[in-house]
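Asker: Take a look at the following structure, please.
The values are calculated or read from the model by the stated rules, or taken from the named source; none is laboratory data. Quick caveat, the model's predicted, so the values are computed rather than measured. Quick reminder, even Gly has a Cβ in these numbers, built from the backbone with ideal geometry, and neighbours come from all protein chains shown. These accessible areas exclude ligands, DNA and RNA; they are computed on the full protein's heavy atoms, side chains included. Shrake-Rupley method; radii C 1.70, N 1.55, O 1.52, S 1.80 Å.
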Amino acid sequence: MEDRRRSASKQSQLHSKADIHSSTAAAAATPIKASDALPLPLYITNAVFFTLFFTVVYYLLSRWRENIRNSTPLHMVTLSEMGAIVAFFASGIYLLGFFGIDFVQSLVLRPSPEIWTSEDEDDDDIIKEDSRKLPCGQGLDCSLVTAKPAKMVESLPTVSFTSEDDEEVIKSVVDRTTPSYSLESKLGDCKRAAAIRREALQRMTGMSLSGLPLEGFDYESILGQCCEMPVGYVQIPVGIAGPLLLDGIEFSVPMATTEGCLVASTNRGCKAIHLSGGASSVVLRDGMTRAPVVRFGTARRAAELKFFLENPDNFDSLSLMFNRSSRFGRLQNIKCAIAGKNLYMRFCCSTGDAMGMNMVSKGVQNVMDFLQDEFPDMDVIGISGNYCSDKKPAAVNWIEGRGKSVVCEAIIKGDVVRKVLKTNVEALVELNMLKNLTGSAMAGALGGFNAHASNIVSAVFIATGQDPAQNIESSHCITMMEAVNDGKDIHVSVTMPSIEVGTVGGGTQLASQSACLNLLGVKGASKEVPGANARLLATIVAGSVLAGELSLMSALAAGQLVKSHMKYNRSSKDTSKVSI
């Protein structure tokens, strides 16, 4: 009987120890969240400490008002005042710790070494197997469970984060307790924020970003203006076409592209232009636009505002309000269009060396505030009503222009056409008429009377930090070719009414793009003539388009297009074995 009692007691002890081990392992497997630092929900805790802080401050100031006013030292402090002082420091520490949640967690919930020490041999095994003592990926799968193949999840590279704080932040992003967009402000380190966001993204999606570079980029330079929530950067090769002889100056044109033949073709066009004496350009207009849309109760009231805005007697007061937004932004004109009781106002202004979208938007807002007093029944629907028109193909840009309107021309000698371009003048003129003019008209093209202006515009835009989306209207172009000098030579021109470029602001400040602008001699703002650098860049874009048009049209006329692309735009290399 005694033996049975001893056996039962021993089994009870074993079951008790097993329960302790299982509960400990479960605790180890359960991730600690930031909100577990206090028993109350986070928003209630913050409200309590906020209220406590300002309450005790008010209480102490009211109690010590006379002493402070008379500069009398505090010789005696009551018990309630001592309690208020303690509450003041406690709530102050909480608030200084960025609402205290990480600070409290680090002090309250971080496991003490004594918790995990024991003389029992089985407890030592628990310490060895505790996944929280290992880097993520060893002993504990930190990735979010998704419907991905097991092999794909296992192929993710293991990122070693030596700091326990980094690992905690990654887990909080994966658990969605810390918003990914707040990492820069929370950590105060843009590169560290990008690395943590990248690792959290890999764990949540189960997909690898090993081919996307992270190192070697200044993430501080894009904070707040170029890109949000970065996880790396994309590499685009930059080639050089030229020298492009334009208005008596040679330019080496940087082109960022992944299309084979493009740089080589543009370079051939530059050679043909150079051997023929160069190209010349003229800036016809320079003005960025923004067109808000407003609504009235009747079409008559909308027409009254239209007449008011287009009245020359009111222009001075309107321009005065507009020009207050910037020392470079100057209102040029306002054109209006009515659709029923809705009025579209297209403001056009000079913007110096900036591309100018933000500048013109601020000026328009000033005018809208001014007009609201004159027309209180005006309902502003949007600061942009698409009559501008930005990043969309539109006839208004093709006709009226937007940004820089440029025409660029060159006379290519007949010998150069035959020896460099491998074709003849007659073939080029005929192809241009049937392809760029008639063919585009048959297709109902809007500003697309060219061979491939968009190719060159996009490549130069990306290299120099312009907005790639504005390639849409910036590529509006009509290419003209005409035989001259008794048919011996050919006159080639491109007319581009809406090239939208700037040399300050946006992506132009980034190191790589800034270097390309510096290569062209247009980096930053012009110190002599405001806007001169941006206008020069626009002419370089047009000159590069002229070279590209000339070369591609020659390749088509000579039947060289497919052959050249098979040579330069295809590769037999096995890219699956190439590591980045």
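Asker: Take peptides 265-271, 163-169, 542-548 and line them up by average Cβ neighbours within 10 Å, highest first, as a rough protection proxy. Show your work: numbers first, answer last.
Answerer: Details: 265-271: 26.1, 163-169: 16.1, 542-548: 30.3.
In decreasing order of mean packing, 265-271, 163-169, 542-548 become 542-548, 265-271, 163-169.
Asker: Simple spin-label model, 7 Å along Cα-to-Cβ: Phe89 to Asn46 in nm?
Answerer: 2.7
Asker: Order 398-405, 309-316 from most to least packed using the mean count of other Cβ atoms within 10 Å.
Answerer: Working: 398-405: 21.8, 309-316: 11.9.
By packing density, highest mean first, the sequence is 398-405, 309-316.
Asker: Could I ask something else about it? Counting only heavy atoms of protein chains, what accessible area per residue, in Å², does region 327-486 have with a probe of 1.4 Å? Walk me through the intermediate numbers first.
Answerer: On the way: 6820 Å² over 160 residues.
Averaged over the residues of region 327-486, the accessible area is 43 Å².
Asker: Shifting gears a bit: Under the rule a/c < 1.5 gives rounded, and otherwise a/b versus b/c splits prolate from oblate, where does region 455-497 land using the Cα gyration tensor?
Answerer: Values: a/c = 5.34, a/b = 2.87, b/c = 1.86.
Because a/c hits 1.5 or more and a/b exceeds b/c, region 455-497 counts as prolate.
Asker: Could you tell me which of the pairs Lys362/Lys523; Lys391/Lys435; Lys306/Lys391; Lys362/Lys392; Lys419/Lys527; Lys186/Lys391 are separated by over 32 angstrom between their Cα atoms in the structure shown? Kindly include the intermediate steps, with their values, before the conclusion.
Answerer: On the way: Lys362/Lys523 25 Å; Lys391/Lys435 25 Å; Lys306/Lys391 26 Å; Lys362/Lys392 21 Å; Lys419/Lys527 43 Å; Lys186/Lys391 34 Å.
Long pairs (Cα-Cα over 32 Å): Lys419/Lys527; Lys186/Lys391.
Asker: Which order do you get for Lys306, Lys488, Lys191 if you rank them by accessible area with a 1.4 Å probe, largest at the top?
Answerer: Working: Lys306 45, Lys488 135, Lys191 90 Å².
Putting Lys306, Lys488, Lys191 in descending order of accessible area: Lys488, Lys191, Lys306.
Asker: Sticking with this one: Using the per-residue mean of other Cβ atoms lying within 10 Å as a proxy for protection, in what order, highest first, do the peptides 453-465, 347-359 fall?
Answerer: With the highest mean Cβ count within 10 Å placed first, the list reads 453-465, 347-359.
Asker: Using alpha-carbon positions, what is the distance between the centroids of region 408-443 and region 237-287, in Å?
Answerer: 17
Asker: Dipole size in debye (nearest 20) for region 292-382 around its Cα centre, Lys and Arg Cβ +1, Asp and Glu Cβ -1? Intermediate values should be presented prior to the final figure.
Answerer: On the way: 11 positive and 10 negative charges, 57 e Å.
Computed about the Cα centre, the dipole is about 280 debye.
Asker: Assuming R0 = 35 Å, can you tell me the calculated FRET efficiency for the pair Ala483 and Ile240, based on Cβ-Cβ distance, to the nearest 0.05?
Answerer: On the way: r = 32 Å, r/R0 = 0.91.
The calculated FRET efficiency here is 0.65.
Asker: Express the accessible area of region 164-222 per residue in Å², computed with a 1.4 Å probe while the remaining protein chains stay in the model. Show your work: numbers first, answer last.
Answerer: Working: 2700 Å² over 59 residues.
Accessible area per residue, region 164-222: 46 Å².
Asker: Further, regarding this structure: Which of rounded, prolate or oblate describes region 164-222 when judged by the alpha-carbon gyration tensor and an a/c cut-off of 1.5?
Answerer: oblate
Asker: Which value, in debye to the nearest 20, describes the size of the charge dipole of region 479-550 about its Cα centre when Lys and Arg Cβ atoms bear +1, Asp and Glu Cβ atoms bear -1, and nothing else is charged?
Answerer: Details: 4 positive and 6 negative charges, 79 e Å.
Once rounded to the nearest 20, the dipole reads 380 debye.
Asker: Only residues of region 378-415 count here: report those whose backbone N is under 17 Å from the spot 7 Å along Cα→Cβ of Ile338, or say none.
Answerer: Those under the cut-off are 378-379.
Asker: Could you tell me the calculated FRET efficiency between Ser62 and Ser208, based on Cβ-Cβ distance and R0 = 56 angstrom, to the nearest 0.05? Let's see the in-between values first.
Answerer: Details: r = 61 Å, r/R0 = 1.09.
With R0 = 56 Å, the Cβ-Cβ based efficiency is 0.35.
Asker: Starting from the Cα gyration tensor of region 197-271, take the square roots of the eigenvalues, sort them a ≥ b ≥ c, and report rounded, prolate or oblate (rounded when a/c is under 1.5, otherwise prolate if a/b is larger than b/c, else oblate).
Answerer: On the way: a/c = 4.70, a/b = 2.31, b/c = 2.04.
Prolate, since a/c reaches 1.5 and a/b exceeds b/c.
Asker: If you don't mind, another one. For region 164-222, which whole-number percentage of the solvent-accessible area (1.4 Å probe, protein heavy atoms only) is attributable to carbon and sulfur atoms?
Answerer: On the way: 1430 of 2700 Å².
The value for region 164-222 is 53 percent carbon and sulfur by accessible area.
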